[in-house]
Amino acid sequence: MNLHEYQAKEMFRASGIPVPAGKVATSAAEAAAAARALGGSVWVVKAQVHAGGRGKAGGVKLARDPEAVGAAAAGMLGTRLVTKQTGSEGLPVERVYVESGSEIARELYVSMTLNRERGRVALIASAAGGMEIEEVAARTPEKILSVNVHPAAGLQGYQVREIAYGLKLESAQIAQFQALAVALYRLYVDNDLSLIEINPLIVTGQGALVALDAKVDIDNNALFRHPQLAALRDTSQEDPMERRASEHDLNYVSLDGDIACMVNGAGLAMATMDLIKLHGGAPANFLDVGGGATAERVTAAFELILSNPRVRAVLVNIFGGIVRCDLIAEGVIKAVKKVGVSVPVVARLEGTNADKARTMLANSGLAITPAEDLTDAARKVVALAKGKA
């Protein structure tokens, strides 16, 4: 689960991490009033969406009077902001964050995430703040600094100093960086986060370190331990189909293709999508109904994938180990009858009660094309999607 910038900065403030003063607004009038309340002569108006690259997409505006703040907010609110991370449809802007302007002497990058290869939390930093870190890593990897934190020892002072020296911070700033890094680590561990990112972490004209931006991602699997964080969820920023899938405990990710997939098992789902691509098609989704899928869950999954208007064919690929194939067939039949399917459906069922499941599908009176194996299924569904079968 992602947080908005203003929510992440509230967490930062509570942890003693320096951030500029700011207020959230849902209207142009509120934004102008926020600027007056904050005081000063320069403000930044930021669209609140769960995506990076806002500045390049027009989602961050500088204003020099409250009226200009209101105008900037009016231009953002009610629109959909399209960035490199949102896709062509963009994300709705329902709030803006009005922040006091800062004097910037340097821009740095700092983050904490999980190093999956080492199984440890990693503190990552770069002197190339303000840029997309992926671009920095690709073009100048030597600018990326990192240390891995042993879970028993926690973040050590020498590790923080190693990063601080690499960023060429001055002596007074090293102490500030130490406090900031320790606070970030505590936030990360105590709240079961998957990512904290500050881009940029600025050095002001007075030599102070301030988090000018804030990104926080929370591990969904740990939200049951943090109801106060779960309450911050903004469903308007989520893919509607992925949100519906989560309500039925389905693992679903929207993609840009036109062949819907319903598979049990993440590995099998990935292999299914690969074979669709190999044979010239494009998957419309990743969908793992799980090893213990019920007929009801399969029905919900089928309704979900059929609600995508881009879908031109459906591939059901089930290996019945824990889950019985006849239960899958029952769910498919219920869903097809309930929703009404106007696109071809290909089914490959193997494993427990597979013969019974094939008989159920054959006797259902529904136009479901059987497949002998996964390759046969992929070829058939790609041909049907292209209207060549």
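The table below lists the values:
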item: Proximal aspartates and glutamates relative to K23, as straight alpha-carbon distance under 17 Å, when same-chain residues fewer than 8 apart are discounted; result: E5, E10, D65, E67, E94, E99, D213
item: DSSP beta bridge pairing in the chain, given as percent antiparallel to the nearest 5; result: 75 percent
item: Computed over the chain: relative contact order in percent, which uses C-alpha pairs under 8 Å that are six or more apart; result: 12 percent
item: Nearest-0.05 FRET efficiency for A138 and A282, computed from C-beta distance (R0 41 Å); result: 0.95
item: Gap separating the Cα centres of segment 16-77 and segment 228-254, nearest whole Å; result: 27 Å
item: Value at 222 nm in deg cm²/dmol, rounded to 500, when DSSP H runs of n ≥ 4 in the chain each add -39,500 (n - 2.57); result: -11000 deg cm²/dmol
item: Most fluctuating residue given options A71, A153, A367, as computed from a GNM of the chain linking Cα atoms under 10 Å; result: A153
item: Whole-angstrom Cα spans of segment 24-130 along principal axes, big to small; result: 51, 36, 19
item: GNM top mover of G129, G78, G365 - the chain, alpha-carbon springs below 10 Å; result: G365
item: Segment I322-A37, extension gain: residue separation times 0.36 nm, minus the distance between their alpha carbons; result: 96.6 nm
item: Directionally averaged shadow of segment 213-371, computed from the convex hull of its alpha-carbon atoms, nm²; result: 10.8 nm²
item: Reach of K277 by Cα under 26 Å, taken over lysines that are not fewer than 8 positions away in the same chain; result: K84, K380, K386, K388
item: Whole-number D in µm²/s for the chain (Stokes-Einstein; Kirkwood sum over Cα pairs; 10 °C, 1.306 mPa s); result: 67 µm²/s
item: At most 15 other Cβ within 10 Å, DSSP loop - trypsin sites (Lys or Arg not before Pro), segment 26-73; result: R64
item: Set of lysines near K337 by C-alpha distance (under 20 Å), chain-local residues within fewer than 8 positions excluded; result: K356
item: Size of electric dipole in segment 289-386: Cβ of Lys, Arg +1 and of Asp, Glu -1, about Cα centre, debye, nearest 20; result: 360 debye
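Taken together, the values in this text are just the output of simple stated rules run on the coordinates, not laboratory data. Everything numeric here is computed off the predicted structure, so don't read it as measured data. For neighbour counting, all protein chains shown are included, and Cβ atoms are generated from backbone atoms with ideal geometry for every residue, glycine included.
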